[in-house]
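Right, one structure below, let's go through it.
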Amino acid sequence: MNKLRFSLLALAAIALGTVVLGGVVLADDDDDKRGGRRAPDVMPVEFALYQSECGSCHFAFQPGFLPARSWRQLMGGLADHFGDSAELAADDRQAIEAYLVTNAADRVAGRRSAKFMQSIGRDTPLRITEVRYFRSKHDEVPARLLKHEQIGSFSNCIACHTRAEQGSYAEREIRIPGIGRWED
Ligand code: HEC
Ligand code: HEC
């Protein structure tokens, strides 16, 4: 390779690196009003066993919304899981708990997980929807909207957040059944 070609390549690599890094830094921001696609709020679920076992009754919540201690406690009480039995074979239970703990809000980087942790402090919530930060983000959603047959409760993230499965909760991706786009 001649010298000129090499330095052009190096320049291209630096430029690409800057774009990638820039994207990550911008994506960390809370609002998405500037448009363009930002990085996910939380790491999407990529563990098939978790998806199938814990995503059968409801949306498979991303582990980055609760601390490791919450997931441990939740996984220790599956016989009475919010009034249902969600019991699993011991090896599946262990594998899922390990996945949740490793990717918990206090174990991974990410601005949204950090915000949940700040709000949780030393508590051990078993519900994402009871975390103060979650409530503050949803306090403008009137309770009557939840009665829509396609929603039911705030636990049904995917009913309103069209890209929840991708770990993306951006405002412009929200479509509320019975209402449509969310404008505040
Ligand atoms: C048999 C059905 C069932 C299975 C299987 C199940 N869940 Fe649930 N889960 C529920 C119900 C019911 C609720 C309460 C939902 C509500 O209040 O709207 C719930 C709520 C939750 C919540 C709290 C959601 C919130 O409001 O913030 C978490 C977290 C959760 N489940 C995690 C899990 C995990 C992890 C697994 C897999 C080990 C699992 N669930 C498997 C039925 C199930
Ligand atoms: C009834 C519809 C609805 C449901 C169900 C719902 N959300 Fe939301 N969510 C909203 C609305 C509306 C906002 C507020 C957007 C705004 O005004 O900033 C929001 C905001 C958020 C934000 C902040 C986004 C941002 O850019 O500031 C996160 C994170 C979030 N929701 C996560 C969740 C999770 C996780 C669940 C399920 C446990 C959930 N939501 C369930 C409607 C919903």
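The values are calculated or read from the model by the stated rules, or taken from the named source; none is laboratory data. Keep in mind that this is a model prediction, so the values were computed, not measured. Remember, those area values only see protein heavy atoms, side chains included, never the ligands or the DNA or RNA. Shrake-Rupley method; radii C 1.70, N 1.55, O 1.52, S 1.80 Å.
Out of residues 5 or more away from ALA105 or on other chains, whose amide H comes under 5 Å of its own, with H placed 1.01 Å from N in the peptide plane?
PHE65, LEU66, ALA68
What residues have an amide H closer than 5 Å to that of HIS81, excluding those fewer than 5 places away on the same chain, when H is modeled at 1.01 Å from N in the peptide plane?
Sorted by chain and number, the residues that satisfy this are ALA86.
Give a residue-ordered list of calculated ³J(HN,Hα) values for the range 155-168 (Karplus: 6.51 cos²θ - 1.76 cosθ + 1.60, θ = phi - 60°; whole Hz; x for Gly, Pro).
Working through the residues one at a time gives 5, 8, 3, 5, 5, 10, 8, 5, 10, 4, 5, 7, x, 10 Hz.
Stick to Cα atoms and the Kirkwood definition of Rh, then tell me Rg/Rh for the range 67-184.
0.99
If I compute solvent accessible area with a 1.4 Å probe over the protein chains, what percent of it on the range 48-181 is carbon and sulfur?
Details: 3570 of 7370 Å².
Answer for the range 48-181 is 48 percent, counting heavy atoms of protein chains only.
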